[in-house]
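Notes for the one structure printed next.
The values are calculated or read from the model by the stated rules, or taken from the named source; none is laboratory data. The model shown is predicted, which means the values in this text are computed figures rather than measured ones. Cβ placement follows ideal geometry from the backbone for every residue including glycine, while neighbour counts extend to all protein chains displayed.
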Amino acid sequence: KQEVTQIPAALSVPEGENLVLNCSFTDSAIYNLQWFRQDPGKGLTSLLLIQSSQREQTSGRLNASLDKSSGRSTLYIAASQPGDSATYLCAAYIHASGGSYIPTFGRGTSLIVHP
Amino acid sequence: NAGVTQTPKFRILKIGQSMTLQCAQDMNHNYMYWYRQDPGMGLKLIYYSVGAGITDKGEVPNGYNVSRSTTEDFPLRLELAAPSQTSVYFCASSYNLGSEQYFGPGTRLTVT
């Protein structure tokens, strides 16, 4: 069974710190990987999508990398702000028995950035 | 564009009742997904569809049914509701395989 694991489960940091969130997956033959943000009681918002042929993607203070051979992706948040407080989830598109690729989510990292 | 919309936002069901969760998207996306999210857990895929008339099971399909008669709509049917189906349900869509997913606001369902 394919699994996606996120470490740490929770993180509390002071404002201004640079952060690294980790996502690991058991099947290296993923189609792509996507990072999301979820605010309490809300739906998910897409942050970055990395295609399997890519190594990284950047958007503002966010940078996501992908290393398929080691089964890992990291989300780097630079100069964290209180507004970054949320749960961050990764989803790897993993090959399914029917021949398609289906998204498999990790449990998320709950981030609190305090002033 | 409204994006992905879901109705209702909240619902309480009694054990054994049935209901349909509605999902619609106006982005002309081919792929649509239904997930459930339990407290402290990630999202589990229930069903997905790659286009009108085509659906397939995800990781946790038991107790649910779907249909996709149009590109825009992807309703999720719960038959004989059970307490184990208490969860938050999210619908999502994407243009094609592996492209960016857009999520609806969710439906919070309680079965008592």
## Note on the structure
Note: among A:Leu66, A:Leu75, just one is within 14 Å of chain B (Cβ to nearest Cβ), assigned to a strand (DSSP E or B) and under 29 Å from B:Gly3 (Cα atoms), namely A:Leu66
### Task
Look through A:Gln38, A:Gln6, A:Gln81 and report the one residue that is more than 18 Å from B:Gly98 (Cα to Cα), touching a residue at least 24 places away in the same chain (Cβ under 8 Å) and either surrounded by fewer than 19 Cβ atoms within 10 Å (Cβ to Cβ) or among the hydrophobic types (A, V, I, L, M, F, W, C) (or both).
A:Gln81
### Query
Which of the residues belonging to region A:88-112 are more than 7 Å from chain B (Cβ to nearest Cβ) and within 20 Å of A:Ile77 (Cβ to Cβ)?
A:Tyr88, A:Cys90, A:Ala91, A:Ala92, A:Thr109, A:Ser110, A:Leu111, A:Ile112
### Query
Restricting attention to region B:51-61, does a residue exist that is touching an Asp or Glu at 6+ places or on another chain (Cβ under 7 Å) and not hydrophobic (A, V, I, L, M, F, W, C)?
no
### Message
Among the numbered criteria (1) over 29 Å from B:Ser49 (Cα atoms); (2) free of Cβ contacts under 8 Å to residues at least 12 places away in the same chain; (3) surrounded by 18 or more Cβ atoms within 10 Å (Cβ to Cβ); (4) not aliphatic (A, V, I, L, M), which one does A:Gly60 miss?
### Response
(3)
### Task
For region B:8-29, enumerate the residues that are surrounded by 14 or more Cβ atoms within 10 Å (Cβ to Cβ) and either assigned to a loop (DSSP other than H, G, I, E, B) or at pLDDT below 95 (or both).
B:Met27, B:His29
### Message
I'm told A:Ile102 meets every condition in (1) assigned to a strand (DSSP E or B); (2) surrounded by fewer than 16 Cβ atoms within 10 Å (Cβ to Cβ); (3) at pLDDT below 95 except one. Can you identify the failing condition by its number?
### Response
(2)
### Hits in region A:19-43 - residues which are in contact with a strand residue (DSSP E or B) (Cβ under 7 Å, 6 or more places away or on another chain), within 22 Å of A:Val113 (Cα to Cα) and in a loop (DSSP other than H, G, I, E, B)
A:Asp39, A:Gly43
### Query
For B:Thr20, are the conditions met, namely being over 11 Å from the mean Cα position of the chain (by Cα) and either within 16 Å of B:Thr107 (Cβ to Cβ) or not aromatic (Phe, Trp, Tyr) (or both)?
no
### Query
Is there a residue being away from chain B (no Cβ under 13 Å) and β-branched (Val, Ile, Thr) anywhere in region A:45-56?
no
### Query
Does B:Met32 satisfy the condition of being within 24 Å of A:Leu89 (Cβ to Cβ) and assigned to a strand (DSSP E or B)?
yes
